[in-house]
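Read through the structure below, which is laid out as structure tokens, and then see the notes.
The numbers here are math on the coordinates, done by the rules we state, and not lab data. From a predicted model like this one, the values you see are computed outputs, not experimental measurements. A quick note on method: Cβ atoms are made from the backbone with ideal geometry, for glycine too, and the neighbour counts reach across all protein chains shown.
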Amino acid sequence: MLACDAEESPEIQAEAYAVANDVPDELMDEVLDFPEPGEGRVGDTERPLSFVSPGDPQAFSFLAPHSEETPGTSECPVGQVVTGFACTGDYCDNVHIECHDYGGSVPAASNAFSGWFQVGSSAGSASGVANKQFHVCGANEKMTGIDCRGDYCDDIRIECSPTTGLDSGRCGWTGAYSEEHSSYLAPMGQAIQGVYCSGRHCDNKYYFVCDV
């Protein structure tokens, strides 16, 4: 598994904390099962060329980088869900999401952004961030966008959209990824459903990935 900045492995043991972080009841056990150091789901290293053909609406494709200086939000095209994640710059400042159309129904009118989250709570009261450092979309939702603010893009919120035909199967957390690592690419048949922050300025990101 890829190494990450020195930090204790994330552990969330109290159900009350999970509830405060809006964890869906159907995913509670899997959300609370954080990987030990050196463990966690591992992504693909690259996409086959047949899956990244320019102009193919169902191809896997990364959106432009997004950071606190970028106006607006970064959202997948209608009908697509987030399947990959990459970042560049100090403390994972610029984030890129990869989108893909798995063929399910993802109505644009029903999407919604989570509340803001970041590492720790000392700055939370001042910046409007709740005492939470992750968000997981509901059991019948998938991540479809991201937004950030603050130094190094360290306050994050993710967009969740209800899906039809893409119900969550087996789920689990990846290990930590940051700008020192290659992109995280969910294996075929999987999509990202949540993000957890750790490290200074939310430098290390863990992804909650589910079969679809």
Segment residue 78-residue 151, extension gain: residue separation times 0.36 nm, minus the distance between their alpha carbons: 23.3 nm
Extension reserve of the residue 211-residue 180 stretch, reckoned as 0.36 nm per residue once the Cα distance is removed: 8.5 nm
Backbone N under 19 Å from the residue 113 label point (7 Å along Cα→Cβ), restricted to the stretch 161-205: 161-162, 193-197, 202
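Counting Lys +1, Arg +1, Asp -1, Glu -1, what net charge surrounds residue 88 among other residues with beta carbon under 11 Å of its beta carbon?
The answer is -4.
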Packing rank of 80-88, 186-194, where each peptide gets the mean count of other beta carbons within 10 Å, highest leading: 80-88, 186-194
Cleavage-rule hits (GluC sites (Glu not before Pro)) in the stretch 64-104: DSSP loop, at most 16 neighbouring Cβ within 10 angstrom: 68, 69
³J(HN,Hα), Karplus 6.51/-1.76/1.60, whole Hz, each residue of the stretch 193-202, x for Gly, Pro: 10, x, 9, 10, 9, 8, x, 4, 6, 6
Residue-wise HN-Hα coupling along the stretch 175-191, computed from phi with Karplus coefficients 6.51, -1.76, 1.60 (Hz; x: Gly, Pro): x, 7, 10, 8, 5, 6, 10, 6, 4, 8, 10, 5, x, 3, x, 10, 9
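What is the gain in length, in nm to one decimal, between residue 46 and residue 29 on full extension, counting 0.36 nm per residue of separation less the C-alpha to C-alpha distance?
So the chain would gain 3.1 nm between residue 46 and residue 29.
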